[in-house]
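Report on the structure given below.
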Amino acid sequence: MTLPDLDDLIAEVDKRCDTAHRPGRQEQPDWLALLTVAARLAGQLQVLADDLVEDYVEHCRMHGSSWTDIGAALGVTRQAVQQRFHAPHKRYSPEAMSDNLREAMAHVKQAAVQHRNNYIGTEHLLWGLTAEDNSATRLLQATGIPPETVHQSVGTRLSMGASQAAERIAWTPYSRKAIDIAEARSQQHGSDHIDCDDLLIGLAQVGRGVAAAVLTDAGFDLATIDDASADTR
């Protein structure tokens, strides 16, 4: 992957700023409008960078690295890195999931291990959710989207890694956000268990990551799912 250089980012700002070039072909563009767009783009890149670092901090903690060692790797003190990443990530046990979601999670881990990935990304979650019939696939069908099409599409996004680890695979930040949303939704509907359709909606609501992109391309519209989801369980 080639990282964008400054010229690429400047060109992206120019493309995104519809009001930058004033009518009448005036010599000077609207620099304040360009600055606003540039600041927004920089913020998006910073969020992405923070998520990347958070993901690897999570891996380091899972595999026994101390806060002192993590701080040294990041060039900051142990206190600074603890303050930034102090909140422990909630672990979701199988008991918190429906039987169907536990079955889907077996497919999720299988996808990560077979592709030698050392993480559970949103792509793995969506692939597992669409591997067998469950409330997620029925929700897709209710919205006019063939689950097998989604399954095949996300399958093409699974990339081969180099990890040999089959245990203690960490979830990425977007995956954790998706299951947090799923848990809140299940509780809102009075359920003690997170089900497949809850996690499908969580992946869509995160709005970022491979799964969200695949669902958007397939035409999955959150604005239309309330009525459909009521009939999927």
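On the stretch given as region 200-226, residues that are closer than 16 Å to residue 125 by Cβ and either of a type in the set (Ser, Thr, Tyr) or out of contact with any Gly (no Cβ under 9 Å at 6 or more places or on another chain) (or both) total 15.
Of all residues in region 160-183, those being at pLDDT below 90 and within 16 Å of residue 214 (Cβ to Cβ) number 1.
Of all residues being under 16 Å from residue 4 (Cβ atoms) and open to solvent by 100 Å² or more (accessible area, probe 1.4 Å) in region 14-45, which is modelled with the highest pLDDT? Just the residue, please.
By that ranking, first place goes to 40.
Kindly establish whether residue 140 is part of a helix (DSSP H, G or I), out of contact with any His (no Cβ under 8 Å at 6 or more places or on another chain), touching a residue at least 60 places away in the same chain (Cβ under 8 Å) and within 29 Å of residue 57 (Cα to Cα). Against the criterion (part of a helix (DSSP H, G or I), out of contact with any His (no Cβ under 8 Å at 6 or more places or on another chain), touching a residue at least 60 places away in the same chain (Cβ under 8 Å) and within 29 Å of residue 57 (Cα to Cα)), residue 140 does not qualify.
The residues of region 147-156 that are buried (at least 17 other Cβ atoms within 10 Å of the Cβ) and in contact (Cβ under 8 Å) with a residue 40 or more places away in the chain, listed by number, are 150, 153, 154. For a quick check of your reading of the model, give me the residue pairs whose first member lies in region 113-134 and is among the basic types (Lys, Arg), whose second is surrounded by fewer than 24 Cβ atoms within 10 Å (Cβ to Cβ) and in a loop (DSSP other than H, G, I, E, B), with beta-carbon atoms closer than 8 Å and at least 6 apart or on different chains. Cβ pairs passing all conditions: 116/160; 116/161; 116/162; 116/163; 116/164. Going through (1) within 27 Å of residue 62 (Cβ to Cβ); (2) in contact (Cβ under 8 Å) with a residue 12 or more places away in the chain one by one, residue 207 falls short only on (2). Note on region 58-71: residues that are surrounded by 14 or more Cβ atoms within 10 Å (Cβ to Cβ) and either farther than 22 Å from residue 171 by Cβ or acidic (Asp, Glu) (or both) amount to 2.
Open to solvent by 30 Å² or more (accessible area, probe 1.4 Å) and in contact with a Leu (Cβ under 9 Å, 6 or more places away or on another chain): is that true of residue 173 in this structure? In short, no. Candidates in region 167-224 are the residues that are in contact with an Asp or Glu (Cβ under 7 Å, 6 or more places away or on another chain) and aliphatic (A, V, I, L, M); of these, the one that is nearest to residue 117 (Cα to Cα) is 170. Kindly establish whether residue 200 is crowded, with 22+ Cβ neighbours inside 10 Å, closer than 16 Å to residue 92 by Cβ and in contact with a strand residue (DSSP E or B) (Cβ under 9 Å, 6 or more places away or on another chain). Spelling it out, it is not the case that residue 200 is crowded, with 22+ Cβ neighbours inside 10 Å, closer than 16 Å to residue 92 by Cβ and in contact with a strand residue (DSSP E or B) (Cβ under 9 Å, 6 or more places away or on another chain).
For region 109-131, the set of residues classified as among the hydrophobic types (A, V, I, L, M, F, W, C) and modelled with pLDDT of 95 or more consists of 125, 126, 127, 129, 131, listed by residue number. How many residues does region 101-131 contain that are among the charged types (D, E, K, R) and either in contact with a Leu (Cβ under 7 Å, 6 or more places away or on another chain) or crowded, with 22+ Cβ neighbours inside 10 Å (or both)? Counting residues in region 101-131 that are among the charged types (D, E, K, R) and either in contact with a Leu (Cβ under 7 Å, 6 or more places away or on another chain) or crowded, with 22+ Cβ neighbours inside 10 Å (or both) gives 1.
Scanning region 132-146 for residues that are open to solvent by less than 40 Å² (accessible area, probe 1.4 Å) and within 21 Å of residue 156 (Cβ to Cβ) yields 136, 137, 140, 145.
The values are calculated or read from the model by the stated rules, or taken from the named source; none is laboratory data. Keep in mind that this is a model prediction, so the values were computed, not measured. Backbone-built Cβ (ideal geometry, glycine too); neighbour counts: all protein chains shown. These accessible areas exclude ligands, DNA and RNA; they are computed on the full protein's heavy atoms, side chains included. Shrake-Rupley method; radii C 1.70, N 1.55, O 1.52, S 1.80 Å.
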